[in-house]
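Student: What follows is a single structure, and I will ask about it in a moment.
The values are calculated or read from the model by the stated rules, or taken from the named source; none is laboratory data. Not measured: the values here are computed from a predicted model. Cβ placement follows ideal geometry from the backbone for every residue including glycine, while neighbour counts extend to all protein chains displayed. Remember, those area values only see protein heavy atoms, side chains included, never the ligands or the DNA or RNA. Shrake-Rupley method; radii C 1.70, N 1.55, O 1.52, S 1.80 Å.
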Amino acid sequence: MPFPPPPRTLTGPRRRSLLASAAGAALLVGCSTDGDDTENTAGSPSAAERARARAATDSETLLRHYDAVLAAHPTLAERLNPLRAEVVRHATAFGGSGSTPSSTATAAPSATATASASASAVPATASEALAGLAAAERSLADQRAKALLDVPGELARLLASVAAAGAGHAYLLTEDAK
């Protein structure tokens, strides 16, 4: 003959613990929703727009660095043009123009003046110029990886993607140096 179960068997959570956890969850959701909504509507859009504008400016600065290296070392064009084209795409993805004065075909006289002025800042050897570009790419990738923590969803994904591409560019620029 089987023994009957004890009069009070605990088969799941108690009613009191369920009510307490439900009330606590509702309280937490209510508190976090109120605080998050005011921050998202007031602070994030302007912070996101500033981050996007800064990223566009940084990409255009990097683009000018590529143009200066190409002006000083035209033999690197085959190697650098695909990477430069990616930097142009990055600048436009962030809302920048994706062009520099020296990259427009219609302004040939000013392009020569800009190229000669910026060529003095470029190292004399091609390997040093590539190392400088790699350092600039790496630095910008690190900066963007840190910045993506402070921006909302889609912009954070874009920054992460462009930072990864920049790290890849740095590797490709230093690939032969190793």
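Student: Mind listing just one residue for me: the one in segment 127-144 that is of a type in the set (S, T, N, Q) and under 16 Å from the mean Cα position of the chain (by Cα) and, of those, surrounded by the most Cβ atoms within 10 Å (Cβ to Cβ)?
Tutor: Filtering segment 127-144 down to residues of a type in the set (S, T, N, Q) leaves 127, 139, 143.
With the extra rule that they be under 16 Å from the mean Cα position of the chain (by Cα), the set shrinks to 139, 143.
Working: S139: 14, Q143: 16.
Filtering segment 127-144 for residues that are of a type in the set (S, T, N, Q) and under 16 Å from the mean Cα position of the chain (by Cα), the one surrounded by the most Cβ atoms within 10 Å (Cβ to Cβ) comes out as Q143.
Student: Let me ask something else about it. Consider only pairs whose beta carbons are under 8 Å apart and that are at least six residues apart or on different chains; among these, list those whose first residue lies in segment 120-137 and is under 17 Å from L62 (Cβ atoms) and whose second residue is among the aromatic types (F, W, Y) and open to solvent by less than 30 Å² (accessible area, probe 1.4 Å).
Tutor: Sorted first by the residue in segment 120-137, then by its partner, the pairs are L133/Y66.
Student: Using beta carbons and a limit of 7 Å, which pairs, at least six apart or on different chains, have the first residue in segment 148-173 and farther than 22 Å from G132 by Cα and the second one open to solvent by 50 Å² or more (accessible area, probe 1.4 Å)?
Tutor: L155/R52
Student: Surrounded by 10 or more Cβ atoms within 10 Å (Cβ to Cβ) and at pLDDT 95 or above: which single residue out of R52, R84 fits that description? Talk me through it step by step, then tell me what you get.
Tutor: Values: R52 fails: at pLDDT 95 or above.
Being surrounded by 10 or more Cβ atoms within 10 Å (Cβ to Cβ) and at pLDDT 95 or above holds for just one of R52, R84, which is R84.
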